[in-house]
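Below is one structure; the comments refer to it alone.
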Amino acid sequence: MLHDAIVLTGGGQRLGLYHAERILDHGWPLIVTYRTPRPSITTLVSRGAIAIQADLSHPEGIAACISAIHSHAASLRAIIHNASLWLDDAHLAQHPAAFDALMQLHVHAPYRINLACEDLLRAGSAPLGDIIHISDTSVRRGDARHAAYIASKAALESLSLSFAARFAPHIKVNSIAPGLILFNEDDDADYRHKRLQQSALGFEPGAQVIWQAIECLLHNPYITGVTLPVDGGRLLS
């Protein structure tokens with residue numbers, strides 16, 4: 001059984017994978033969840049991570065994930081809710097059930113996991129446990145083409161406030177709201193230029209800036225119930 005483990009949801013690719021690697025670099029026990037098998041998960045396991053395959057967009061997958069966490073961990077240091085699904089409203093118009101998938105993944109899963117793992121966070125050796133929700137900076141602006149996605153992330157930020165009040169003073173609960181962090185390989189030059197113009201700082205920062213925000217929240221004992229924007233000044237542009 002792991003002691004003082006960190007649970008990271010959605011750790012198979014991009015930012016989630018980067019965070020998983022940094023957690024292992026620090027020597028923290030890691031429980032990582034993933035939906036789709038990838039070579040990256042095999043690599044994380046070879047480094048000592050416990051990997052849980054679970055589709056958190058369905059109630060059954062959430063229940064299975066909670067059961068697996070309890071079977072592997074005697075105590076937790078933190079839970080980082082990184083798993084996410086990026087769907088636009090055009091997709092939802094063709095697949096209405098996808099709205100439920102967004103709400104399950106971004107709201108229902110964190111809600112159930114947080115409640116089910118409160119005892120594990122309280123059992124950790126750190127003075128305070130941590131829950132970190134990864135949201136989206138567009139919650140503060142809206143998005144004409146991603147209304148359902150943004151609504152689910154806004155609900156996630158609301159959960160942070162409620163859980164921060166509920167779990168104080170033993171567990172801190174916060175959100176991180178990224179803006180543009182990392183382009184996809186197939187993003188063309190016009191798209192990249194447009195996105196870079198949307199932030200005051202105007203550059204692609206890379207995954208490390210979100211990890212720096214995670215470390216800040218993990219190590220600062222006096223921050224709870226906040227959303228930390230990491231967006232290069234998106235609201236200034």
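The values are calculated or read from the model by the stated rules, or taken from the named source; none is laboratory data. Quick caveat, the model's predicted, so the values are computed rather than measured. Here the Cβ positions follow ideal geometry from the backbone for every residue, glycine too, while neighbour counts run over all protein chains shown.
So, in segment 180-225, of the ones that are in contact with a strand residue (DSSP E or B) (Cβ under 7 Å, 6 or more places away or on another chain) and in a loop (DSSP other than H, G, I, E, B), which residue ends up surrounded by the most Cβ atoms within 10 Å (Cβ to Cβ)? Top of the filtered list is Thr224. Of all residues being surrounded by 20 or more Cβ atoms within 10 Å (Cβ to Cβ) and of a type in the set (D, E, K, R) in segment 128-143, which is nearest to Gly225 (Cα to Cα)? Just the residue, please. Checking each candidate, the answer is Asp130. Selection of segment 17-73 for residues being among the hydrophobic types (A, V, I, L, M, F, W, C) and either modelled with pLDDT under 95 or more than 30 Å from Phe99 (Cβ to Cβ) (or both) yields Ile23, Leu24, Trp28, Leu30, Leu44, Val45, Ala49, Ile50, Ala73.
Within segment 155-179, the set of residues being out of contact with any strand residue (DSSP E or B) (no Cβ under 8 Å at 6 or more places or on another chain) and crowded, with 18+ Cβ neighbours inside 10 Å comprises Ala155 only.
Taken over segment 3-46, the criterion of being closer than 25 Å to Tyr111 by Cβ and acidic (Asp, Glu) is satisfied by Asp4 alone.
Sort through His108, His91 and tell me the only one that's part of a helix (DSSP H, G or I) and either aromatic (Phe, Trp, Tyr) or closer than 23 Å to His170 by Cα (or both).
His108
With respect to the conditions (1) out of contact with any His (no Cβ under 6 Å at 6 or more places or on another chain); (2) buried (at least 19 other Cβ atoms within 10 Å of the Cβ), Ile50 lacks only one, and its number is (1). Total residues in segment 186-209 satisfying the condition of being within 20 Å of His19 (Cβ to Cβ) and either modelled with pLDDT under 90 or basic (Lys, Arg) (or both): the figure is 1. Listed conditions (1) crowded, with 19+ Cβ neighbours inside 10 Å; (2) within 20 Å of Val230 (Cα to Cα); (3) within 13 Å of the chain's Cα centre (by Cα) are all met by His146, apart from (3). Give the residue that is surrounded by the fewest Cβ atoms within 10 Å (Cβ to Cβ), with candidates limited to residues of segment 19-33 that are assigned to a strand (DSSP E or B) and in contact with a Leu (Cβ under 6 Å, 6 or more places away or on another chain). Ranking the qualifying residues of segment 19-33, first place goes to Leu30.
Working only within segment 74-86, note down all residues that are buried (at least 17 other Cβ atoms within 10 Å of the Cβ) and not basic (Lys, Arg). Answer for segment 74-86, where residues must be buried (at least 17 other Cβ atoms within 10 Å of the Cβ) and not basic (Lys, Arg): Ser75, Leu76, Ala78, Ile79, Ile80, His81, Asn82, Ala83, Ser84.
Of all residues in segment 3-17, those that are on the phi > 0 side of the Ramachandran plot have Cβ atoms under 6 Å from Cβ atoms of residues that are modelled with pLDDT of 95 or more and among the hydrophobic types (A, V, I, L, M, F, W, C), 6 or more apart or on another chain, in Gly10/Ala83. Annotation note: of Ser67, Ser125, Ser71, the sole residue that is exposed (fewer than 14 other Cβ atoms within 10 Å of the Cβ), among the small types (Gly, Ala, Ser) and assigned to a loop (DSSP other than H, G, I, E, B) is Ser125.
Against the condition acidic (Asp, Glu), under 17 Å from the mean Cα position of the chain (by Cα) and part of a helix (DSSP H, G or I), how does Glu60 come out, does it pass? Taking the combined requirement at face value, the residue does not satisfy it.
In this structure, does Ile79 turn out to be in contact with a helix residue (DSSP H, G or I) (Cβ under 7 Å, 6 or more places away or on another chain), in a strand (DSSP E or B) and closer than 18 Å to Gly10 by Cβ? When the stated conditions are applied, Ile79 passes them.
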